Amino acid sequence: MYKAYKYRIHPTSEQETLLAKSFGCARWFWNYALNLCQETYKTTGKGLTRAYIQGLLPALKKEYEWLTEPYSQCLQVVALNLSTAYKNFFDKRAMLPKFKSKHGRQSISYPQNVKFDGDKINLPKIGLVHCQRHRDFEGTIKTVTVSRNPDGKHFVSVLVDDGKANPKLVSVDKAIGIDVGLTHFAITSDGSKFDNPKLFAKHQRNLKRKQQKLSKKKKDSQNRKKARLAVAKVHAKIARCREDFLHKLSRKIVNENQVIAVENLNIKGLVKNHNLAKAISDVGWGMFCTMLKYKAESEGRQYIEIDRWFPSSKTCHVCLNRVDNLNLDVRAWTCKHCGTHHDRDVNAAINIRNEALRIISLGTSESACGGDVSRSGKTSVLLDAIPVESGSQPCTA
């Protein structure tokens, strides 16, 4: 089973320069190869293979000598990632690959020759870099990815194969249905309600001030770079707080239940509502479901997504009577057939749980949802990596 471990690293100023050059070379080769693929497709109607893109490197290194500065295999991995991105696009698992910018998150990958030495990690052509190795891992290192966030912090993600098989499914003692919302982040079938932390709203005033200062700085000046870094740090603070909340809640739910059922939401379509787009983007439903899924699979639990068209809110969970219309402003309703008074969200969560148990009784582990069903075949071992957060310590720096 593949697992991913993420650590904070602290390179020296010289190592930061070397990493920045490596980031730039990898980004340039990605953009060059992507542009070549697009031009080739326009003229011939065919794409380029990974072997062909990798075969371009020797000639490019002679033409552009600075391409020899990073570790050679980092550039070869770029071709692998580009071919994987195109395969995911054609298999309808991702969007069309895009050109990379120097202003966002930067990363390079080392497929081999990376070793840990105590609290340091040895990167080819970079040397020993101090690493906050707050937890150990067991297994064979497959890939090491070094990244730099827009706020200037560097991280290393280690993909490890522990040689263990996927855990068997545990017996079903308790099942839970989860209905997500905006007023309450999650409502469970047992009646528990978890408030939405609204993290973006809490930091919005500070972010506004930082963005106003950024807009007044002269273009390409050092003060503008400092102001952009200040804005990035606020965004990073919001992201860390959101991840912390989602990790804790998802871990609590997985530990206490053997079956976790959620609704398959069309988040991309929901954010087209301009009145709710900011709130939906801030709440992080997609990230929450992703965390629930990989944590449940690593613990032998069952994670099931119910079809988004399943009428969970309109159906009475007692007598299964369905109302014709139920507006969003109606938060409680009474069933005309059996007279049961329902909390809209709790009733939806109960129906989601019951539908998941029905699916399990039919002998299948998940429900197919139209076009969202992916084709068979894996594109990379990275798709199977399970991030491991147990034992992680909060970053104080």
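To keep it simple, each residue is scored yes or no on (1) in contact (Cβ under 8 Å) with a residue 60 or more places away in the chain; (2) assigned by TED's automatic domain parsing to the domain that holds ALA349.
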residue: LYS225; (1), (2): no, no
residue: LYS233; (1), (2): yes, no
residue: LEU246; (1), (2): no, yes
residue: LYS252; (1), (2): no, yes
residue: ASN255; (1), (2): no, yes
residue: LYS272; (1), (2): no, yes
residue: ASN275; (1), (2): no, yes
residue: MET291; (1), (2): no, yes
residue: SER298; (1), (2): yes, yes
* Can you name the condition, by its number, that VAL254 falls short on among (1) more than 22 Å from ASN351 (Cα to Cα); (2) part of a helix (DSSP H, G or I); (3) not hydroxyl-bearing (Ser, Thr, Tyr)? -> (1)
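Residues that are at pLDDT below 90, surrounded by 14 or more Cβ atoms within 10 Å (Cβ to Cβ) and in the same structural domain as PRO11 (by TED's automatic domain parsing): does region 141-158 have at least one?
Initially, region 141-158 is screened for residues at pLDDT below 90, giving none.
No.
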* To do: Go through region 85-103 and give me each residue that's farther than 28 Å from LYS233 by Cβ, hydrophobic (A, V, I, L, M, F, W, C) and touching a residue at least 12 places away in the same chain (Cβ under 8 Å).
  => ALA85
* Residue list for region 175-207, restricted to those being over 19 Å from CYS241 (Cβ atoms) and of a type outside the set (Ser, Thr, Tyr) -> ALA175, ILE176, GLY177, ILE178, ASP179, GLY181, ILE187, ASP190, GLY191, LYS193
* Asked: Residue check: is LEU229 over 22 Å from the mean Cα position of the chain (by Cα) and at positive phi?
  -> no
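Hand me the list of strands (runs of 3 or more DSSP E) wholly inside region 167-207 holding 2 or more residues that are charged (D, E, K, R) and under 25 Å from ILE238 (Cα atoms). Step through it out loud before you land on a result.
Values: elements: 175-180, 184-188, 193-195.
The qualifying strands (runs of 3 or more DSSP E) are 193-195.
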* Structure fact -> Only unsatisfied item for ARG308, checking (1) part of a helix (DSSP H, G or I); (2) farther than 22 Å from LYS252 by Cβ; (3) among the basic types (Lys, Arg); (4) within 26 Å of the chain's Cα centre (by Cα), is (1)
* Could you tell me which of the residues ASN31, ASN113 is surrounded by 12 or more Cβ atoms within 10 Å (Cβ to Cβ), among the polar types (S, T, N, Q) and at pLDDT below 95? => ASN113
* Asked: Out of curiosity, is SER83 over 20 Å from VAL156 (Cα atoms), among the polar types (S, T, N, Q), in the same structural domain as TYR7 (by TED's automatic domain parsing) and under 21 Å from the mean Cα position of the chain (by Cα)?
  -> yes
* How many residues are within 21 Å of LYS6 (Cα to Cα) and either surrounded by fewer than 17 Cβ atoms within 10 Å (Cβ to Cβ) or more than 26 Å from the chain's Cα centre (by Cα) (or both) if we restrict to region 90-110? -> 2
* Give the residue that is surrounded by the fewest Cβ atoms within 10 Å (Cβ to Cβ), with candidates limited to residues of region 208-245 that are part of a helix (DSSP H, G or I) and either small (Gly, Ala, Ser) or in contact with a strand residue (DSSP E or B) (Cβ under 9 Å, 6 or more places away or on another chain) (or both). => SER215
* Is at least one residue of region 241-248 farther than 30 Å from ARG344 by Cα, in contact with a Leu (Cβ under 9 Å, 6 or more places away or on another chain) and of a type in the set (D, E, K, R)? -> no
* **TYR294 vs. criteria touching a strand residue (DSSP E or B) at 6+ places or on another chain (Cβ under 8 Å), over 22 Å from PHE200 (Cα atoms) and assigned to a helix (DSSP H, G or I)** => yes
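The values are calculated or read from the model by the stated rules, or taken from the named source; none is laboratory data. If you're wondering where the values come from, they're calculated on a predicted model, not measured in any experiment. Every residue, glycine as well, gets a Cβ built from its backbone with ideal geometry; the counts of neighbours run over all protein chains shown.
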